[in-house]
1. Go through A:T76, A:T31 for me and flag whichever is within 10 Å of chain B (Cβ to nearest Cβ) and in contact (Cβ under 8 Å) with a residue 24 or more places away in the chain.
2. For B:T101, are the conditions met, namely being modelled with pLDDT under 95 and assigned to a strand (DSSP E or B)?
3. Among the listed residues A:V89, A:V55, identify the single one that is outside any loop (DSSP other than H, G, I, E, B), within 10 Å of chain B (Cβ to nearest Cβ) and without any contact (Cβ under 8 Å) to a residue 40 or more places away in the chain.
4. Test each condition in (1) assigned to a strand (DSSP E or B); (2) away from every other protein chain (no Cβ under 11 Å); (3) over 25 Å from B:Y87 (Cα atoms) for A:F49 and report the one that comes out false.
5. Please indicate, with yes or no, whether at least one residue in segment B:22-41 is within 26 Å of A:I38 (Cβ to Cβ), of a type outside the set (A, V, I, L, M), within 11 Å of chain A (Cβ to nearest Cβ) and surrounded by fewer than 18 Cβ atoms within 10 Å (Cβ to Cβ).
6. Considering (1) touching an Asp or Glu at 6+ places or on another chain (Cβ under 8 Å); (2) more than 24 Å from B:G41 (Cα to Cα); (3) within 14 Å of chain B (Cβ to nearest Cβ), say which one A:T104 fails and leave the rest.
7. Checking A:L45 against (1) touching a Gly at 6+ places or on another chain (Cβ under 6 Å); (2) surrounded by 14 or more Cβ atoms within 10 Å (Cβ to Cβ), which test does it fail?
8. When both residues are 6+ apart or on different chains and their Cβ atoms are under 8 Å apart, which pairs have a first residue that lies in segment A:103-118 and is part of a loop (DSSP other than H, G, I, E, B), and a second that is of a type in the set (V, I, T) and modelled with pLDDT under 95?
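The values are calculated or read from the model by the stated rules, or taken from the named source; none is laboratory data. Source: prediction; values computed, not measured. Cβ placement follows ideal geometry from the backbone for every residue including glycine, while neighbour counts extend to all protein chains displayed.
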Amino acid sequence: EAGVAQSPRYKIIEKRQSVAFWCNPISGHATLYWYQQILGQGPKLLIQFQNNGVVDDSQLPKDRFSAERLKGVDSTLKIQPAKLEDSAVYLCASSPGGSGGLDTGELFFGEGSRLTVL
Amino acid sequence: QKEVEQNSGPLSVPEGAIASLNCTYSDRGSQSFFWYRQYSGKSPELIMFIYSNGDKEDGRFTAQLNKASQYVSLLIRDSQPSDSATYLCAVKGGTSYGKLTFGQGTILTVHP
């Protein structure tokens, strides 16, 4: 079974530029997450999708960050304009989601996209 | 108060010793508790999850949960150098789409 795919793996931009990250979750997983992990810290949830809909975006800096999930599958996270403090690894994760007790809550992570803002 | 707080590290133990990692959480409605391991430059990977009060054992790993004290721990017996990593405690909220909140992580080093 293919895992969570993310691209690009690395990106270096200057402040005020824009960047976009792409994520393809595990096939059939209803729930998709974007986390931001700053060096030395734990992952912080930016946004959580359940199929097409957003169920939590309370920590997404909406003045500069946006995210969408296309047809309940792939997702894109965009930052515009970027700030120095956005330097981090952006982790995409998925889980089966839904009801029925089949979802243990385990998240399956992609390899992450490392962003450096100069 | 942080939603999920882990004991400050780094933690260094000799090979063969028991490593003890602790975590407290603030949301009393939390239902599910997870321990993830993250090697440097890699993504988190699940070690164990626990839902009920008490202990849960899986090989060299034991998770302990005390909901009354809002406390979760992970014990690693017979620690190996390959266990050297950052350990992340994660707590899932009590709603049906409860988000998974991570602690800041504890760096564990097992020295030969």
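1. A:T31
2. yes
3. It is A:V55.
4. Against the list (1) assigned to a strand (DSSP E or B); (2) away from every other protein chain (no Cβ under 11 Å); (3) over 25 Å from B:Y87 (Cα atoms), A:F49 comes up short only on (2).
5. yes
6. (1)
7. Tallying (1) touching a Gly at 6+ places or on another chain (Cβ under 6 Å); (2) surrounded by 14 or more Cβ atoms within 10 Å (Cβ to Cβ), A:L45 fails exactly one: (1).
8. A:D103/A:T31
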